[in-house]
Amino acid sequence: MTPQFDAVIVGAGFGGMGAAIALAQLGYSRLSILEREDDLGGTWHVNRYPGLAVDIASVTYSYSFEPNPNWTRLFAPGAELKSYAEHVAAKYDLRRSMRFGVVVERAEWDEHQQLWTVSIAGGETVTSRFLVTATGFLSQPYTPDFPGIEDFAGKIIHTTAWDQTHDFVGEKAAIIGTGATAVQLIPEIASRAHELTVFQRTPIWVVPKVDFAIPPVVRRLFARVPLTQRMARSVNNTILEGIMVVGVLHFRQAKMMNRAAALAARAHLRVSVRSKATRKALTPHYDFGCKRPTFSNKYFRTFNRGNTRLETTSIERFEPDAVVTTDGRRTPIDTLVLATGFNLWDVNFPALQIVGREGRDLGQWWRDNRFQAYEGIAIPKFPNLLSLNSPYSYSGLSYFTTIESQMAHMRRLLGELQRRDAATFEVTDRANAEFLDAVTEKLGDSVFYEGKCSSSRSYYFNQHGEAALLRPTSTSNSFHAASTFPLTDYEFA
Ligand code: NAP
């Protein structure tokens, strides 16, 4: 039976679009990109809260092969990322392959027919030669189950479902969470609400954000001489490689780098917040890099405002008009914002049920064994599957580094498949085991195992305490490996 599609790609964010571009360049034209949301852009379509912006400079946080000279700021606002996604989709003619509002529930490898059968909510099934899952890491919103929250009579807004009509003016607001999302949002709510209480469980490392509007003359220069933007990208990549990759992954060897980043964050806090007690409460008690640090010039200063209070006592329960902390204090509120992030390890690895050869269920197998994926993209017994958001795939530098190295992996792998005129590829058990051993050993040098991370509550760690998200190599190694991995690591049939 001829499958309906060359490839089904689940997810129309930057990962899925990158995969579609790579597949089209390889000559695969029958693509179906299935997206749960009502438009493309992934994170940048879903997240629309005030203050949303990239926190990796835009010269880096974009496809290197599709530079955008029109970013208005060094750290572009979220709406510009959504426009950039639309531009990419238009330029590479991707929209015609996309379907929106389509929830993929299950995919099963049909060994007899040598194809994937993909089941969509509502009963439809489609068949495809390749399956690419590009469902993102941070795509399943997490809402804690606080006692009494169902009786709370005010408004509740999760940051991934922002209500644009809600203005907070004159309100008593509360926000739960102090991750990268909250850091962007808190200054915005504080400037509108009458009162804001910030419920913090774990403080976050925040380093200053060297942000500025990119003058039109520089934008014109970027457009006319693309080399200048490439140079800006290289400089920024080098800085980030030091802070986010070397300082975190090579903590044992480069403690100084890590300590310098922590020092910069501490100094930033010292000069930004007047109250000593608040500074103390905002100081992380775990090493820099155990959980993802963030960049902001506004976050710390917000705690100097008369209307903003940091609350570190744990939440015990909700009442219809208040939050009650474990010391019995009531904080009356009108609106509750949940900046409580995402569930990665319980529901997102993988985001749909995937059944491979011999009935192997990927989610079950990962949980019964260890979370693992060869080069963060392929898994034994799953022929013709490219799982983009896999354990050990995430580059510390930028998500676009992950995407582009995976595109390079696809080019090498599928190029070989075409040369051999083969129908299927499947990574060998040996290659997968060797990769897992190698990353496990490398991670031994990282801040995750060498540093003090136990109190960080970081989503980098899974339920078994393994830091199985980041690829523990330099960015250049990611690209090198993606274009030179031994072809004998795969079986082609
Ligand atoms: P997050 O980093 O997972 O933060 C969730 C926050 O909610 C944490 O402070 C967490 O506290 C708190 N929380 C969760 N459950 C709680 C509970 N039951 N009680 C009290 N507090 C609770 O999520 P996020 O802020 O949405 O950011 C996720 C990631 O998205 C970031 O790390 C970043 O990679 C990305 N992001 C990027 C940008 C950007 O580039 N512009 C912006 C936003 C986000 P604990 O720490 O104690 O668990």
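Quick note: the coordinates plus some simple rules give every number you see, no bench work behind them. Note that this is a predicted model, so its numbers are computed, not measured. So basically every Cβ, Gly included, is an ideal-geometry build from the backbone, and we count neighbours across all protein chains shown.
Kindly give Rg over Rh for region 9-62, based on alpha-carbon atoms, with the Kirkwood expression for the hydrodynamic radius.
1.05
For q values of 0.12, 0.19, 0.21, 0.23 Å⁻¹, compute log₁₀ I(q)/I(0) with the Debye formula on a Cα-only model of region 410-493, without solvent.
With one equal scatterer per Cα and no solvent, log10 I(q)/I(0) is -0.49, -0.92, -1.02, -1.12.
Tabulate in residue order the Karplus-calculated ³J(HN,Hα) for region 89-94, using 6.51 cos²θ - 1.76 cosθ + 1.60 with θ = phi - 60°, rounded to whole Hz; enter x for Gly and Pro.
For region 89-94, the Karplus curve yields 4, 5, 5, 9, 6, 8 Hz.
Relative to the longest principal Cα axis of the chain, at what angle does helix 14-25 sit, 0 to 90 degrees, rounded to 10?
In the chain, helix 14-25 runs at an angle near 20 degrees to the longest axis.
Binning at 10 angstrom from zero up to the longest distance, how are the C-alpha pair distances of region 117-182 distributed in percent?
Once binned at 10 Å, the Cα pair distances of region 117-182 give 12, 33, 24, 20, 10, 1.
Evaluate region 236-374: find the radius of gyration of its Cα atoms, find its Kirkwood radius, and give the ratio Rg to Rh.
My calculation of the ratio gives 1.08.
Calculate I(q)/I(0) for region 251-304 by the Debye formula, one identical point scatterer on each C-alpha and no solvent, and give its log10 at q = 0.14, 0.16, 0.21, 0.29 Å⁻¹ to two decimals.
The calculated log intensity ratios at q = 0.14, 0.16, 0.21, 0.29 Å⁻¹ are -0.39, -0.50, -0.80, -1.26.
How long is the chain along each principal axis, judged by its Cα atoms, biggest number first, in Å?
In descending order, the Cα extents are 69, 50, 44 Å.
Just to check I understand the Karplus step: with θ = phi - 60° and J = 6.51 cos²θ - 1.76 cosθ + 1.60, what whole-Hz values come out for region 433-441, glycine and proline as x?
With the stated coefficients, region 433-441 comes to 5, 5, 5, 4, 4, 5, 5, 4, 5 Hz.
Using only Cα positions of region 291-340, each an equal point scatterer, no hydration layer, compute I(q)/I(0) via Debye at q = 0.16 Å⁻¹ and quote the log10 values to two decimals.
Here log10 of I(q) over I(0) equals -0.64.
Tell me the mean residue ellipticity at 222 nm calculated for the chain from its helices only (DSSP H runs of n ≥ 4, each -39500 (n - 2.57), averaged over every residue, nearest 500).
On the way: 14 runs with 152 residues, N = 493.
Here the helix-only value at 222 nm equals -9500 deg cm²/dmol.
Can you pull the one-decimal nm distance between simple spin-label points at Thr313 and Lys155, each 7 Å off the Cα toward Cβ?
Modelled inter-label distance: 2.8 nm.
Could you tell me what percent of the DSSP beta bridges with both partners in region 1-119 are antiparallel, to the nearest 5?
Rounded to the nearest five, the antiparallel share is 50 percent.
Under the Karplus relation 6.51 cos²θ - 1.76 cosθ + 1.60, θ = phi - 60°, what is the ordered set of whole-Hz ³J(HN,Hα) values for region 338-344, x standing for Gly and Pro?
9, 9, 9, x, 9, 9, 8
Ranked by Cβ crowding within 10 angstrom, fewest neighbours first, how are Arg274, Arg106 ordered? Numbers along the way, then the final one.
Values: Arg274 10, Arg106 15.
So the residues, fewest neighbours to most, are Arg274, Arg106.
To the nearest whole percent, what portion of all C-alpha pairs in region 168-325 is separated by more than 26 angstrom?
Looking at region 168-325, the distances longer than 26 Å represent 40 percent of pairs.
Beyond a 29 Å Cα-Cα separation, which of these cross-linked pairs lie in this structure: Lys91/Lys442; Lys381/Lys452; Lys82/Lys155; Lys82/Lys280; Lys172/Lys280?
Lys91/Lys442; Lys381/Lys452; Lys82/Lys280
With all pairs of different alpha carbon atoms counted, what Kirkwood hydrodynamic radius in Å does region 1-122 show?
Values: mean 1/r = 0.0641 Å⁻¹.
Kirkwood hydrodynamic radius for region 1-122: 15.6 Å.
Helix 475-484 sits at what angle to the longest principal axis of the chain, using alpha carbons and giving 0 to 90 degrees rounded to 10?
10 degrees
Using the number of other C-beta atoms within 10 angstrom as an exposure proxy, rank Met244, Met231 with the fewest first.
On the way: Met244 21, Met231 12.
The fewest-first ordering by Cβ neighbours comes to Met231, Met244.
Under 5 Å between amide H atoms, partner at least 5 residues away or on a different chain: which partners does Glu316 have, H built in plane at 1.01 Å?
It is Val324, Thr325, Thr326, by chain and number.
Using a Förster distance of 35 Å, how high is the FRET efficiency between Tyr449 and Val235, based on the Cβ-Cβ distance and rounded to 0.05? Before the final figure, lay out the partial values.
Values: r = 31 Å, r/R0 = 0.88.
Efficiency computed from Cβ-Cβ geometry: 0.70.
Working from Cα positions, state the angle (0 to 90°, nearest 10) between the long axis of helix 399-420 and the longest principal axis of the chain.
The angle comes out at about 10 degrees.
For Phe295, list long-range residues whose amide hydrogen, built 1.01 Å from N in the peptide plane, is under 5 Å from its own amide hydrogen.
Val207
Work out the P(r) tail for region 41-194: percent of alpha carbon pairs separated by more than 29 Å, whole number.
It works out to 38 percent of all Cα pairs.
Got a sec? How would Tyr142, Tyr460 order by Cβ neighbour count within 10 Å, fewest to most? Can you show the working numbers first?
On the way: Tyr142 18, Tyr460 22.
Ranking Tyr142, Tyr460 by Cβ neighbours within 10 Å, fewest first, gives Tyr142, Tyr460.
Answer with one residue from Trp345, Ser296, Gly359: the one whose Cα lies farthest towards the positive end of the charge dipole of region 286-397, charges on Cβ with Lys, Arg +1 and Asp, Glu -1.
Ser296
5 Å is the cut-off here: which amide hydrogens, built 1.01 Å from N in the peptide plane, fall below it relative to Ala107, excluding neighbours closer than 5 in sequence?
Result for Ala107 returns Ser119, Gln353, Ile354, Val355.
Checking a compactness column here: for region 210-269, what do you get for Rg(Cα) / (2.2 N^0.38 Å), N being the number of residues? Display every interim value, and only then the final one.
Values: Rg = 15.5 Å, N = 60, 2.2 N^0.38 = 10.4 Å.
Relative to the rule-of-thumb radius for its length, region 210-269 sits at 1.49.
Hey, what's the per residue convex hull volume over the C-alpha atoms of region 113-231, in cubic angstrom?
That works out to 287 Å³ per residue.
Pull out a ≥ b ≥ c, the square roots of the eigenvalues of the alpha-carbon gyration tensor of region 335-493, then state rounded if a/c is under 1.5, prolate if not and a/b is larger than b/c, and oblate in the remaining case.
prolate
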